[in-house]
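Everything below concerns the one structure shown next.
What follows is calculated from the coordinates using simple rules that are stated; it is not laboratory data. Bear in mind that the values here come from a model prediction, so they are computed numbers and not experimental data. In this analysis, Cβ positions are derived from the backbone assuming ideal geometry, glycine residues included, and neighbour counts consider all displayed protein chains.
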Amino acid sequence: MSRSRRIEIITRLLEDEAFRDLFIQDPEAALAPYDLPGPERRWFINEITGWDKLLQAAEQLNVPTRGLGPAMEGSAPPVAANGGPRHAPAAPESEVAARPQRLVSTGFAADPQPEKPLPANMPLQTERDYYFWLEVGEPVAGAIDREPVALPDDLQVGARLQVALFTFDSEFELVEGADVGELEVQPDETITVARPAATPPGLVGDPWLEKRLFFPVRTPPQAGVHHLRCNLYYRQMLVQSHLVSMNVMASPQPLDEALVTEADYVLSHTLSGEQLAGMGSNRLSLMLNDNGDGSHGFRFFGEAEFKSNATLRDGEVQDLLNMARAALRTAAWGTAEEYTPQKKYRYLGQISVDQLGEDLIRLARAGYRFYATLIGRLAGDRLQARKLSQIMLRTGQVQIATRQSARLVIPAALFYDYPLDANLKNSDYKLCPDFLAALNGPQPLEDAACFQGNCPTRDALDVVCPSGFWGFRHALGLPVSIAGAPDAPVQITCPAAAEMTVGVSLDPGFTEREKHAGALQKLQPGLGWNYADSRDEALQMMHATRAHVVYFYCHGGLDGTIPYIHVGPKSDRGITADNLLAYDILWEEPRPLVFINGCHTTALEPDSAIDLVSAFVTNAYAAGVIGTEITIFEPIAVAFAEECLRRFLVDRQTIGEAVRGARLKMLKDKNPLGLVYIPYVMPSLKLV
């Protein structure tokens, strides 16, 4: 929602008594003419519960409140027509008013007064030392945030958040060891500094250090617009990312918006402490964004406060993506070229260990080159790379966050991080003997030592072990932050049997369709089952049903530049992103996981499919989407979906665990192609 629209509604609530009375009596009716998205409508209903809260909102938005009459000075909450409180679950107004705000404020300061914010309209001077500061609480006069965002109201006492500062190439300089600070929730619900990033000499022993983090920075010698990135993490989960833009001049002169901070990645706009607790602990967060200059920034934050960043040029990233997808295509149909209907699936029937080994070696070489190129650019170089490899050795949860405008999707599942001499001939490599023993043994692969971070051949440069792939060793998730999208959930409420809405293609070539549908329907006793084999039925069911999973067994492709999925007979049209709006498909509760199992698709790889993925999240409020790196064949679709959905719906594993488990089950059956699946979702999402 735009800031101007929020100001418009707040102003009308302050000035229009009739509108205010209607809002008190029936907030849904009062807000109906504004056609607000669900999260914004709920924000008004749940947050504007009294005069004090209305005034607070007005103050945050710089809406004048003087001259509105003495009624606005009171603190009595609005009441319903029956005399009771309008929102029964809300706390008494006296308690609500007492709860401290948790707005994130940022800015710059300089010695000898580091506690005094520099004006937002005054550029910084070249080659000079400053402090970047961050504070959580009431709005700070002099803060440079374009639109302040808040942290959750219900974070548990003692919860800690790490604040990390990142640079861009050839821009600001940071002080090593003074680029990460820590905040903590106190018993009085304020958020204070638990560990400073740095202590300005003039503030030693000063109370300012208890509420404000200070990061020493040095401006570059070149004048111009430069940037910093400030990220907030909870258990290594990226919660917010703030892009800080600064005009730097040799002789600073006043300039509108010379210093600006904008929150361009917000995992959840109304994130609750319960949600944060449900996210679990990440081994690593990796944020990817387009730097706007033909390069892509990768920001790493992991356990033991590992922090680093790397930059790759656009052409470099695309070359590596092409190499990775070429390896996947070669494994699937024997050539690096894109799919055509003439391509034949290579993993039918009895598969030999030799074929599996050949493809694992090819995939490992591509995955290692991608990983080595990226890791070789880490700030700190080899020492940082070594530290990261140690952090990532044990199985864990990994978040790959994509900023709002980024269309690039990296094949993180294909990252191979065991040391490898990638220039040997294929015949010079061997498969890990311990993996081969586990492959032929009775136990699931996830129980094998290699997949728990204990591969004995990890350092052998001519040995490939599939536990070296991130997709086989870690629970991955690639949540996409999209402006206007609802909160990224970590739970789907489902106290009993789940419900599925299924749309299938009637392509006669889908010979396993009926058997597959029957297997899915039998996953769980009492499973709710909604089945559509036409476009119109699929759209109607998506609108009318309350599913926990929406599953497409379909074709897909591009109509010009517009991605679509195709269900029903060949004569039916495709389903495109705009159809979700036209057919009023909006999943408020439950918010389902969407699984797009697109077989024999053409030209629908991640850089195109991301628009469809974004539409399901933004327009339909999906909890997340499962997609693929390349086109797939029916046997892959059947094997992966049945195992993944069994784990997610029946065993109640997180989606990150379910995707990893399905990959390993396919690998146990001598098929490495579970690596093609991409979970655009919080890795900790689960049914509860």
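Quick look at the numbers
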quantity	calculated
Within straight-line cross-link reach of residue 211, aspartates and glutamates at Cα separation under 15 Å, skipping those fewer than 8 residues along the same chain	115, 135, 138, 182, 184, 188, 189
Zone of residue 192's modelled label, taken as backbone nitrogen in the stretch 152-166 under 17 Å from a point 7 Å along Cα→Cβ	156-161
Cα-based reach from residue 430 at 24 Å (exclusive), listing lysines while leaving out same-chain residues under 8 positions away	665, 668, 670
MRE, 222 nm, helices only [DSSP H, n ≥ 4, -39500 (n - 2.57), over the chain, to nearest 500]	-8500 deg cm²/dmol
Neighbour-count ranking [beta-carbon atoms within 10 angstrom, fewest first] of 461, 685	461, 685
Ordering of 371-379, 314-322 by packing [mean C-beta count within 10 Å, highest first]	371-379, 314-322
Protection proxy ranking, peptides 166-176, 335-345, 659-669, 583-593, average beta carbon neighbours within 10 Å, highest first	659-669, 583-593, 166-176, 335-345
Rounded FRET efficiency, nearest 0.05, which uses the C-beta distance separating residue 65 from residue 423 and R0 of 60 Å	0.30
Order of 686, 387 - criterion: other Cβ atoms within 10 Å of each residue's Cβ, fewest first	387, 686
